[in-house]
Amino acid sequence: MTWSYTIADLAASQKDQVRFLIGDTYSGDQQLQDEEIEFAISQRATVWGAAAECCRNLAAKFARSVDCAAGDTKNQYSQMAKGYSAKAAEFEAKAAMGGAGVPYAGGISVADKLAQEIDPDRVAPQFQIGMTDDFLPVGPGGNESEDEPTLSGG
């Protein structure tokens with residue numbers, strides 16, 4: 001298990017970015033190992049999401065500890081757990097806002113529209129089924145296509 005943080009690599013290293021976001025940058029007070037952060041990165045699409053996972057992990061870690069006092073020194077692990085939980089919620093909101101998804105607007109190009117229409121796994125829209133059929137007073141049962149026989153005199 002290793003712990004490393006290099007400020008010079010901050011722009012290029014997702015691990016260092018997550019470590020920076022959660023405040024685990026002081027080697028004298030190591031919170032998470034590199035492997036734990038790398039695992040969080042592999043589970044989430046953005047560094048904000050990975051930071052949220054790491055904060056949840058740290059909140060759970062400190063929630064297991066008991067607040068204690070020895071003389072003038074107080075260790076309030078419950079406050080640390082609450083703080084990391086709040087940071088996890090903040091990072092989760094940023095991950096949702098930034099997202100890893102890319103907006104898509106279909107039907108803008110002719111080729112894209114054609115590709116969508118010929119996709120065999122695509123469900124036909126309801127407004128197209130029977131849109132041009134005129135079987136008054138009684139129509140056939142089910143969804144009919146132009147290739148099937150109709151009830152008109154023929």
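Brief remarks follow.
- When residue 37 is tested against (1) surrounded by fewer than 22 Cβ atoms within 10 Å (Cβ to Cβ); (2) over 17 Å from residue 85 (Cβ atoms), just one condition goes unmet, and that condition is (1).
- Screening region 1-46 for residues that are charged (D, E, K, R) and either touching a residue at least 60 places away in the same chain (Cβ under 8 Å) or not in a helix (DSSP H, G or I) (or both) and picking the one that is nearest to residue 59 (Cα to Cα) gives 24.
- Cβ-Cβ under 7 Å pairs, at least 6 apart or on other chains, region 56-76 side of a type in the set (Ser, Thr, Tyr), far side surrounded by 10 or more Cβ atoms within 10 Å (Cβ to Cβ): 65/77
- Residue list for region 59-76, restricted to those being modelled with pLDDT of 75 or more and under 19 Å from residue 23 (Cα atoms): 59, 60, 61, 62, 63, 76
- Test result for residue 15, in contact with an Asp or Glu (Cβ under 9 Å, 6 or more places away or on another chain), farther than 30 Å from residue 122 by Cβ and at pLDDT 90 or above: yes
The values are calculated or read from the model by the stated rules, or taken from the named source; none is laboratory data. These numbers come from a predicted model, not from an experiment. So basically every Cβ, Gly included, is an ideal-geometry build from the backbone, and we count neighbours across all protein chains shown.
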